[in-house]
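First the structure, in the form of structure tokens, and then the observations on it.
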Amino acid sequence: MSFEILYKDDLIIAGNSVRNGDVDAGPYDGFSVCGYTGDSEAHTGACRDELAEFMGVERHDIVQCRQTHSTDVYVVESVDGMTEIPYGYDAIVTRLKNVVIGVNTADCVSLAMFDKKAGVIGVAHAGWRGALAGVAVNTVKKMVELGASPENIHAFFGPSILECCFEVGEEVAELFPGAFVKRSYGERPHVDLPGFVKSQIEGMGVKNCNIKLNCNCTRCRPDRYFSARALGIESGRNFTFIMRR
């Protein structure tokens, strides 16, 4: 199976793709719907069809970002003729039913969120630059604009690089609060990026009990997930997605 379920009930389904590839095979081996990192259109199209069948939708009902490490959030109000939102957005929110929204990552944090009472869902991509600039915060804000309440938002993290492997230079480490910088791994500092993003959405009023972190490190498991640090930038991407029924 090419997918892991992060959350599922009668109204919401959220999940992420699983590479299920041979770590010694090609950098695009396995499930990936990302069409802008060098993969073939035939392969990403076949994977899109697989996801559409799994989610019970048409392939044009899957909408994804082409991310640029921005803080911009796109509101999907219609999927007519659109499978990829305009260039430059790193998060998507919508109130539409039976539309899959998702982001591609290969070590960065991915985040799927929903407020069932308000009927609002969102998904965000947060690399360290986007995280520091507030993309997750902006996603919560945009969800609230559509009627969500922070205390009713549930948030699920997809697989990403964890502090065990996210080694950075001092110039990056000094940009983060000290609580998220770890210096016990060796000479260079490590950063807890998911923990930092979690603290940001908590600061927006999302309850700790409604947030589910992910213990899967992409860098540690390049057999199961795509990892730019393990496989290079020109490789496939993990897809974190959510849909409202």
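Between F114, F176, which is modelled with pLDDT of 95 or more and in contact with a His (Cβ under 7 Å, 6 or more places away or on another chain)? Before you say what the answer is, go through the steps one by one.
Values: F176 fails: in contact with a His (Cβ under 7 Å, 6 or more places away or on another chain).
Result: F114 is the single residue among F114, F176 that is modelled with pLDDT of 95 or more and in contact with a His (Cβ under 7 Å, 6 or more places away or on another chain).
Only one of the listed residues (G56, G45, G35) is at positive phi and small (G, A, S). That residue is G56.
Can you tell which of I5, I85 is without any contact (Cβ under 8 Å) to a residue 24 or more places away in the chain, in contact with a strand residue (DSSP E or B) (Cβ under 7 Å, 6 or more places away or on another chain) and within 17 Å of R224 (Cβ to Cβ)? Quick ask: steps written out before the conclusion?
Working: I85 fails: within 17 Å of R224 (Cβ to Cβ).
Only one candidate qualifies: I5.
Counting the residues of the range 105-119 that are surrounded by fewer than 24 Cβ atoms within 10 Å (Cβ to Cβ) and in contact with a strand residue (DSSP E or B) (Cβ under 7 Å, 6 or more places away or on another chain) gives 2.
Scanning the range 197-245 for residues that are basic (K, R), open to solvent by 40 Å² or more (accessible area, probe 1.4 Å) and under 30 Å from G119 (Cα atoms) yields K207, K212, R244, R245. Once the range 115-129 is narrowed to residues that are charged (D, E, K, R) and in contact with a helix residue (DSSP H, G or I) (Cβ under 6 Å, 6 or more places away or on another chain), the residue that is nearest to S70 (Cα to Cα) is D115.
Here is a check on your reading of the model: is A106 touching a Gly at 6+ places or on another chain (Cβ under 9 Å) and of a type in the set (A, V, I, L, M, F, W, C)? Here the answer is yes, as A106 does meet what is asked.
With respect to A25, is the statement that it is free of Cβ contacts under 8 Å to residues at least 12 places away in the same chain, open to solvent by less than 50 Å² (accessible area, probe 1.4 Å) and more than 19 Å from the chain's Cα centre (by Cα) true?
Yes; evaluated as a whole, the condition is true for this residue.
Taking each residue of the range 212-223 that is farther than 13 Å from D107 by Cα and looking for partners that are open to solvent by less than 90 Å² (accessible area, probe 1.4 Å) and of a type outside the set (D, E, K, R) with beta-carbon atoms closer than 6 Å, six or more apart or interchain, yields K212/F156; L213/F157; L213/P194; D223/V23.
In the range 28-49, the qualifying residues are those that are among the polar types (S, T, N, Q) and out of contact with any Cys (no Cβ under 7 Å at 6 or more places or on another chain), and the one that is least open to solvent (accessible area, probe 1.4 Å) is T37.
Could you tell me how many of the residues in the range 187-223 are modelled with pLDDT of 95 or more, in a loop (DSSP other than H, G, I, E, B) and more than 15 Å from E163 (Cα to Cα)? So the count comes out to 4. Residues in the range 9-22 that are within 17 Å of the chain's Cα centre (by Cα) and of a type outside the set (V, I, T) were compared, and the one that is surrounded by the fewest Cβ atoms within 10 Å (Cβ to Cβ) is G15.
Yes/no per residue for (1) under 20 Å from C108 (Cβ atoms); (2) acidic (D, E):
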| site | (1), (2) |
| --- | --- |
| P150 | no, no |
| R183 | no, no |
| E187 | no, yes |
| C209 | no, no |
| F226 | yes, no |
| R244 | no, no |
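Quick one: which residue in V123, V137 is part of a helix (DSSP H, G or I) and at pLDDT 95 or above?
Working: V123 fails: part of a helix (DSSP H, G or I).
When all the criteria are applied, what remains is V137.
Looking across the range 130-148, the residues that are open to solvent by 10 Å² or more (accessible area, probe 1.4 Å) and touching a helix residue (DSSP H, G or I) at 6+ places or on another chain (Cβ under 9 Å) come down to L132, V137, V144.
Within the range 50-104, which strands (runs of 3 or more DSSP E) (wholly inside it) include 3 or more residues that are closer than 20 Å to V144 by Cβ and either open to solvent by less than 10 Å² (accessible area, probe 1.4 Å) or modelled with pLDDT under 95 (or both)? Explain how you work it out, then say what you get.
Details: elements: 62-64, 73-76, 91-94.
Once the strands (runs of 3 or more DSSP E) in the range 50-104 are filtered for at least 3 residues that are closer than 20 Å to V144 by Cβ and either open to solvent by less than 10 Å² (accessible area, probe 1.4 Å) or modelled with pLDDT under 95 (or both), what remains is 91-94.
The values are calculated or read from the model by the stated rules, or taken from the named source; none is laboratory data. What you are looking at is a predicted structure, and each value in this text was computed from that prediction instead of being measured. Using ideal geometry, Cβ is built from the backbone for each residue, glycine included, and neighbour counts are taken over all protein chains shown. Just so you know, the surface numbers come from the protein's heavy atoms only, side chains and all, with ligands and any DNA or RNA stripped out. Shrake-Rupley method; radii C 1.70, N 1.55, O 1.52, S 1.80 Å.
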